[in-house]
1. Does residue 103 qualify as being under 30 Å from residue 234 (Cα atoms) and surrounded by 15 or more Cβ atoms within 10 Å (Cβ to Cβ)?
2. Considering every residue within the stretch 106-126, establish whether at least one is closer than 30 Å to residue 203 by Cβ, in the same structural domain as residue 41 (by TED's automatic domain parsing) and in contact (Cβ under 8 Å) with a residue 60 or more places away in the chain.
3. Would you pick out the residues in the stretch 82-105 that are without any contact (Cβ under 8 Å) to a residue 24 or more places away in the chain and in contact with a helix residue (DSSP H, G or I) (Cβ under 6 Å, 6 or more places away or on another chain)?
4. Do any residues in the stretch 245-273 that are at positive phi and without any contact (Cβ under 8 Å) to a residue 12 or more places away in the chain have Cβ atoms under 7 Å from those of residues that are part of a helix (DSSP H, G or I) and hydrophobic (A, V, I, L, M, F, W, C), where the two are at least six apart or on different chains, and which pairs are they?
5. What number of residues in the stretch 109-120 are closer than 12 Å to residue 73 by Cα and within 34 Å of the chain's Cα centre (by Cα)?
Amino acid sequence: MRRLSQPRHAVLPALLVGFWALCFTFLLGSTVAYPVILQIEEDSTRCLRLLIPEDDDAHVVFLTIPSADELDDEAVESWYVDQVYQLTKQKDTELAKRLPQEAPANVAQAMSAFLQEQGENKSPLRITLEDNGATGTRQFSYRTKFFLPTVLNHVRHSNYQKPKDKDEEEEWNDAAMEGYEICMINEDDEQAVQVIFESIYVSEDVMDVEDIKKPAFEKEKHLTPLEKNLDQSIQAAHAVLREMKYMEKRETRMRQTAESINSRVRWFSYLSIAVLFTVTYLQVTYLKRYFHKKKLM
């Protein structure tokens, strides 16, 4: 009986594919997402849009450090970036208001020298959080200090206001889906600053937002596990319906914008054709007169 064997030249590609797949898996598993460093120039503003998914929340951390021109020490920047990273990785319901570790000697020395030259630890950076809620646009302002974190816990829930009626509740949900605008304003016209920024999303229980809306006596009622699961399913279905309504409103708004642009393009095309015919008529008339004067016609 003849034994079938796989050719050697067919085994080598399989080994190469397996090797590269193993390397890719290792690199993917070892990839770490560190905070973002933003440079805020003198007397300028940079804004970000923070989108929070339905029934979720977010914590935001800002830490102001001097620019590279003011404090040319990469060790300070690296240490504070790592500290913000460690701060956001702590397993707790809220983020701490201080850094996890004390600064090492070289970082503390550089920080102390800068603060002595500065005279104070107050930074020129001001942070604003804008919430377009159902009751109107609300803006919260936060002052920052050098080398100290500014932590905003539960951005979505902390800005929640109980709606008066169903329409206002839908408006609040739509505004929450559109996100929050975070602006970093440098009020100094001579000094640039850097901001270490990090935001983390936390998955809240579907009942958490609804518990804010319910009165106290309704929260304390005793429910069986089946009733709790049914109630959570109903709340999840309502959340899906709210998101679908929001997407429908957004699609209608985008369609109106597209129709408006198409209408403008159409009228511009009509105007272009009219100008083309007018210019052509003037050119033909001019050429006829020219040929008549030259007695060529």
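The values are calculated or read from the model by the stated rules, or taken from the named source; none is laboratory data. Just so it is clear, the model here is predicted, and its values are computed rather than measured. With ideal geometry, Cβ positions are generated from the backbone for all residues, glycine too; neighbour counts draw on all protein chains shown.
1. Numbers: under 30 Å from residue 234 (Cα atoms): no; surrounded by 15 or more Cβ atoms within 10 Å (Cβ to Cβ): yes.
Taking the combined requirement at face value, the residue does not satisfy it.
2. Residues of the stretch 106-126 closer than 30 Å to residue 203 by Cβ: none.
So far as the stretch 106-126 goes, no, none of its residues is closer than 30 Å to residue 203 by Cβ, in the same structural domain as residue 41 (by TED's automatic domain parsing) and in contact (Cβ under 8 Å) with a residue 60 or more places away in the chain.
3. If the condition is that a residue be without any contact (Cβ under 8 Å) to a residue 24 or more places away in the chain and in contact with a helix residue (DSSP H, G or I) (Cβ under 6 Å, 6 or more places away or on another chain), then 100 is the only one that fits.
4. none
5. Number of matching residues: 3.
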